[in-house]
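*Asks:* My questions all concern the structure below.
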Amino acid sequence: MTGYEERTSNSRRLYKRANRVLPAGVSYGIRALPPYPFYLKKAKGVTVTDVDGNEYTDYWVGHGALILGHAPDVVIDAVMKQLPYGTHYGFSHEHEIELAERIVKHVPSADMVRYTSSGTEANMYGTRLARAYTGRDKMLKIEGGWHGGYDSLHAYVGQPYGRSESAGLNSKVIEDTYAVPYNDLEAAEKMAKDHELACIVLEPVMGAAGFLTPEPGYLEGLREICDDTDTLLIFDEVITGFRLGTGGAQGYYGVKPDLTFMGKVIGGGFPVGAFCGPVEIMEMIDHNKYPDPEKRSAHGGTFTGNPISMVAGSATIDALETGRIHRHIDSLGEKMREGLQEIFERHDIPVSVTGVGSTFGIHFQKDKPLNAGDTARNDIPATRAYFRHMLESGIIYLSPTVSHSWISSPHTEKDIEDYLAATEDYIRAYNP
Ligand SMILES: Cc1ncc(COP(=O)(O)O)c(C=O)c1O
């Protein structure tokens with residue numbers, strides 16, 4: 001591939017046009033690739049093709065949602081079958097039961113499910129439910145944890161932690177949100193003992209921070225702290241749900257939270273979110289059991305249980321049930337992590353590769369980051385240069401400053417070898 005600017009003239013034109021109607025020319029800031037984004041024409045498997053005809057092997061896979069890759073046949077078939085019967089009912093239907101049954105079957109903490117249209121909303125309604133159930137207002141999250149744009153959890157995301165994450169956030173709402181570093185049980189225990197917390201909410205594997213994994217005993221320790229202090233333990237499995245095996249991170253690590261938030265994979269490439277948990281907590285949404293609105297936890301949404309998202313999600317979970325796909329993507333993930341670590345070590349370049357299963361993160365720093373604060377040591381110019389090199393090699397992931405990627409079922413051994421070869425090229429070009 002030649003230089004990005006030389007081969008993306010149509011994208012450059014679209015970018016100019018987009019800037020007139022979309023702030024920054026994009027629909028989500030994270031997609032604003034430097035110097036300007038390429039605009040897609042089509043995507044199939046793990047190949048995305050832009051409006052100039054350039055092809056990239058995709059390791060971003062729809063923000064991690066596309067575990068079967070883009071437009072997988074099983075999902076297309078299920079959606080095509082559903083389309084003539086209705087795209088959005090606004091009434092109850094069997095497909096929403098079918099997907100919930102699959103979630104309940106696989107996710108250890110899930111007895112009942114309620115849907116949302118995004119992971120953000122799952123966090124919003126789910127933490128409301130936690131406050132309703134415990135009668136407490138305060139929440140503890142993890143520094144660097146990303147739970148979407150819901151005001152109460154849109155705090156302590158970027159460094160320095162504690163500054164406002166966005167203009168327009170209601171500072172009063174955030175007053176009841178606290179944060180501690182990931183993998184720090186002592187700090188979490190102190191918070192839980194000093195404050196009456198409704199919940200500790202965390203990503204069991206930290207995604208946006210670059211796929212940081214729990215140290216042995218960490219998740220178990222949080223479970224104990226929550227049990228000792230009558231605090232609900234919540235796993236935000238928007239990323240890890242159905243990705244770390246069908247049981248998500250709770251199945252993988254063997255720690256059962258009280259509530260689980262989901263999104264991404266369970267929509268099969270269509271918008272979705274869900275929160276789930278035991279009957280005793282979930283039924284607080286049931287207006288028959290809780291007719292008094294002051295005692296009930298309110299939930300709703302125009303597109304909740306959308307039939308297209310439901311059939312796409314069920315088709316995806318069905319494809320995952322044999323375990324063959326997880327074995328494939330997990331083994332490619334291991335090959336990728338080991339290969340990358342070996343290459344950087346051989347060239348004596350300080351890099352720490354993180355991740356688990358089909359996820360991997362590359363941190364240009366010597367020591368393995370145990371929490372998001374540790375990632376401040378990441379060498380940003382090197383991370384940016386690597387991103388640019390990979391882009392020019394026909395490999396795409398996000399973001400230019402935090403390299404975190406997903407492997408999906410259409411990825412092959414050859415894709416991993418190409419990725420590793422492009423990494424060797426990068427080292428030769430930038431660290432001769
Ligand atoms: C762990 C986690 N929670 C919540 C969200 C928010 O989900 P959505 O973007 O669907 O609102 C994300 C999105 O990336 C996420 O990674």
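A short reminder: the numbers here are calculations on the coordinates, not readings from a lab. Source: prediction; values computed, not measured. Using ideal geometry, Cβ is built from the backbone for each residue, glycine included, and neighbour counts are taken over all protein chains shown.
*Asks:* For every other residue with a beta carbon closer than 12 angstrom to the beta carbon of G313, add +1 if it is Lys or Arg and -1 if Asp or Glu, then tell me the sum.
*Replies:* Working: positive: R102, K264; negative: E96, E98, E101, D318.
It works out to a net charge of -2.
*Asks:* Here is a follow-up. Extension gain R346-K44, at 0.36 nm per residue separation less the Cα-Cα distance, in nm?
*Replies:* Working: separation 302, 0.36 × 302 = 108.72 nm, distance 3.51 nm.
This chain segment gains 105.2 nm when fully extended.
*Asks:* Highest first, please rank the peptides 20-29, 272-281 by the mean number of other Cβ atoms sitting within 10 Å of their residues. Please report the intermediate quantities before stating the final value.
*Replies:* Details: 20-29: 11.3, 272-281: 23.0.
Order by mean packing, descending: 272-281, 20-29.
*Asks:* Please grab the % of Cα pairs in region 263-302 that end up more than 12 Å from each other.
*Replies:* Details: 504 of 780 pairs.
Within region 263-302, distances greater than 12 Å cover 65 percent of Cα pairs.
*Asks:* By counting other Cβ atoms within 10 Å of each Cβ, how are K141, K335, K105 ranked from fewest to most?
*Replies:* On the way: K141 26, K335 16, K105 12.
Fewest-to-most Cβ neighbours within 10 Å comes out as K105, K335, K141.
*Asks:* At what distance in angstrom do the alpha carbon centres of region 33-78 and region 121-177 lie from each other?
*Replies:* A separation of 31 Å, based on Cα centres.
*Asks:* I would also like to ask the following. Most exposed first by the Cβ proxy, i.e. fewest other Cβ within 10 Å, how do F242, F303 rank? Display every interim value, and only then the final one.
*Replies:* Details: F242 24, F303 17.
Ranked by crowding around the Cβ, least crowded first: F303, F242.
*Asks:* Out of residues 5 or more away from G273 or on other chains, whose amide H comes under 5 Å of its own, with H placed 1.01 Å from N in the peptide plane?
*Replies:* Hits under the 5 Å cutoff: T116, S117, S118.
*Asks:* Still on this structure, I have one more. Which net charge results when you count Lys and Arg as +1 and Asp and Glu as -1 among the other residues whose beta-carbon is under 13 Å from that of G162? Write down the numbers at each step before the final one.
*Replies:* Working: positive: K141, R163; negative: E143, E165, E175.
Neighbourhood net charge equals -1.
*Asks:* Starting from the amide H of Y178, placed 1.01 Å from N in the peptide plane, find each other amide H under 5 Å away whose residue is 5 or more places distant or on another chain.
*Replies:* Residues meeting the amide H criterion: M139, L140, K141.
*Asks:* For the peptides 287-294, 245-252, what is the packing order when you average, over each peptide's residues, the other Cβ atoms within 10 Å and list the highest mean first?
*Replies:* Values: 287-294: 9.1, 245-252: 22.5.
The most tightly packed comes first, giving 245-252, 287-294.
*Asks:* Something else: Multiplying the sequence separation of D318 and S331 by 0.36 nm and subtracting their Cα-Cα distance, what value in nm do you get?
*Replies:* Working: separation 13, 0.36 × 13 = 4.68 nm, distance 2.04 nm.
2.6 nm is the gain from fully extending D318 to S331.
*Asks:* Can you give the three extents of the C-alpha atoms in region 360-408 along their principal axes, from longest to shortest, in whole Å?
*Replies:* 30, 26, 14
*Asks:* Report the label-to-label distance for R20 and E196 in nanometres (one decimal), using points 7 Å from each Cα along the Cα→Cβ vector.
*Replies:* Rounded to a tenth, the inter-label distance reads 5.8 nm.
*Asks:* Let me ask something additional. Could you work out the local net charge near D228, counting Lys and Arg as +1, Asp and Glu as -1, over the other residues with Cβ closer than 12 Å to its Cβ? Write out the running numbers ahead of the final one.
*Replies:* Numbers: positive: K193, R223; negative: E189, E224, D227, D230.
Local net charge: -2.
*Asks:* Still on this structure, I have one more. In a solvent-free Debye calculation with one equal scatterer on each Cα, what is log10 I(q)/I(0) for region 1-89 at q = 0.11, 0.18, 0.26 Å⁻¹, listed in the order of the q values?
*Replies:* Those come out to -0.41, -0.91, -1.25, one per q.
*Asks:* Something else: With viscosity set to 0.890 mPa s and temperature to 25 °C, compute the Stokes-Einstein D of region 144-224, Rh being the Kirkwood radius across alpha carbon pairs; µm²/s, no decimals.
*Replies:* On the way: Rh = 13.5 Å.
Reported coefficient: 181 µm²/s.
*Asks:* So what's the gap between the Cα centers of region 388-430 and region 315-380, to the nearest angstrom?
*Replies:* About 12 Å separates the Cα centre of region 388-430 from the one of region 315-380.
*Asks:* Then there's this: Once all Cα-Cα distances of region 73-320 are split into 5 Å bins that start at 0, what whole-number percent is in each one?
*Replies:* 1, 7, 14, 18, 19, 17, 12, 7, 4, 1, 0, 0
*Asks:* Given K16/K41; K190/K368; K141/K190; K138/K256; K42/K414; K141/K256, which pairs have Cα atoms separated by over 19 Å?
*Replies:* Values: K16/K41 17 Å; K190/K368 25 Å; K141/K190 13 Å; K138/K256 21 Å; K42/K414 22 Å; K141/K256 17 Å.
As for pairs spanning more than 19 Å Cα to Cα, those are K190/K368; K138/K256; K42/K414.
*Asks:* Let me have the 222 nm mean residue ellipticity of the chain computed from DSSP H runs of 4+ only, each contributing -39500 (n - 2.57), with the sum over all residues rounded to the nearest 500. All intermediate terms of the calculation are to be shown ahead of the outcome.
*Replies:* Working: 13 runs with 156 residues, N = 432.
Here the helix-only value at 222 nm equals -11000 deg cm²/dmol.
*Asks:* Something else now. From the Cα gyration tensor of region 384-430, with a ≥ b ≥ c the square roots of its eigenvalues, which class applies: rounded if a/c is under 1.5, or else prolate if a/b is larger than b/c, or else oblate?
*Replies:* oblate
*Asks:* In Å, what Kirkwood hydrodynamic radius results for the chain from the alpha-carbon pair distances? The partial results should precede the final answer.
*Replies:* Values: mean 1/r = 0.0446 Å⁻¹.
After inverting the mean inverse Cα-Cα distance, the result is 22.4 Å.
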